[in-house]
1. Give me a count of the residues in region 146-168 that are crowded, with 22+ Cβ neighbours inside 10 Å and more than 16 Å from LEU203 (Cβ to Cβ).
2. With the checklist (1) more than 18 Å from the chain's Cα centre (by Cα); (2) farther than 21 Å from ARG156 by Cα in hand, flag the one item PHE18 doesn't pass.
3. What is the number of the single condition among (1) free of Cβ contacts under 8 Å to residues at least 60 places away in the same chain; (2) in a strand (DSSP E or B) that GLN116 does not meet?
4. Hey, ALA119 hits all of (1) closer than 22 Å to VAL45 by Cβ; (2) of a type in the set (A, V, I, L, M); (3) in contact with a strand residue (DSSP E or B) (Cβ under 7 Å, 6 or more places away or on another chain) but one; which does it fall short on?
5. If a residue must be out of contact with any Leu (no Cβ under 9 Å at 6 or more places or on another chain) and in contact (Cβ under 8 Å) with a residue 12 or more places away in the chain, how many such residues does region 17-49 contain?
6. Are there any pairs with C-beta distances below 9 angstrom linking a residue in region 74-96 that is in contact (Cβ under 8 Å) with a residue 24 or more places away in the chain and within 14 Å of GLY140 (Cβ to Cβ) to a residue that is among the basic types (Lys, Arg) and loosely packed, with under 14 Cβ neighbours inside 10 Å, with the two at least 6 apart or on different chains, and if so which?
7. Can you give me the ranges of the strands (runs of 3 or more DSSP E) entirely in region 11-105 with at least 1 residues that are out of contact with any Ser or Thr (no Cβ under 7 Å at 6 or more places or on another chain)?
Amino acid sequence: MCNLYSNTTASEAMRQLFKVDAARDHLGNAQPRPGIHPKGTAPVVALDDDGKRELVEMSWGFRTPKVSQRTGKPIKPAAWNNARDDKLMKSGLWKGSFADRRCLVPVSSFNETKGQKPATDYWFALAGEGDDRAPFAIAGLWRVEREDLLEPEHPRRVHTMVTTEANDLIRPIHAKGRMPVILRPDDYETWLTGSLDEAAALLRPYPSAEMRIVLQGVGEKRDEAGL
């Protein structure tokens, strides 16, 4: 399960990578995000009403109502920030978005944690040299959320990441053997507009040889910039 990721890519670079027209970049003066947590806001590439790609802010995690087992009163809603690939066409939480509202989640690196007290944080990125982290996209879903389930001033649209079986690099670290679905640029259009079968065919582990661990630290989970 991915509970922390970064996006340190400039807006202009994201527009070029994801082929988004400047007029459909709604991020404003977006700043680098070294640590994006569940219920935080982040850039997402989705299709607008005209079927054109746009860059927009969304809040991470589909929200569902939650009540206290002790009092029966509403408490902070749960945020479903990961969607298992084997549940997309079965779960009512995901079915509608998988059919009609797929998106791309721009990422520079993502975190997985191993162990407890102390925990070790591992940050994964695409293979490359030096400290540069090439931007990439994780397969995502989105929906318009109930306003009463959101934090004040958060966007109504929320997103989640699709996960699949982990590759050989991540499997020894992730306790449940899962990883986000990383898409190749040639597959962006298929994920956004393809049929259910075409999109489902992209749900596979990314090759270990094309990834690397860029940061590792012992202690409580921290943002990438703090390691």
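Any read-out appearing in this document is the output of simple, stated calculations on the displayed coordinates, not a laboratory observation. All figures in this text were calculated on a predicted structure; none of them were measured in a lab. Neighbour counts are summed over all protein chains in view; Cβ atoms, including those assigned to glycine, are modelled from backbone coordinates with ideal geometry.
1. Here the count works out to 2.
2. (1)
3. The number of the failed condition is (2).
4. That leaves (1) as the condition not met.
5. Summing the residues that are out of contact with any Leu (no Cβ under 9 Å at 6 or more places or on another chain) and in contact (Cβ under 8 Å) with a residue 12 or more places away in the chain in region 17-49 gives 10.
6. ASP85/ARG204
7. Numbers: elements: 33-36, 41-47, 53-60, 62-67, 74-80, 82-84.
Counting at least 1 such residues, we get 41-47, 53-60, 62-67, 74-80.
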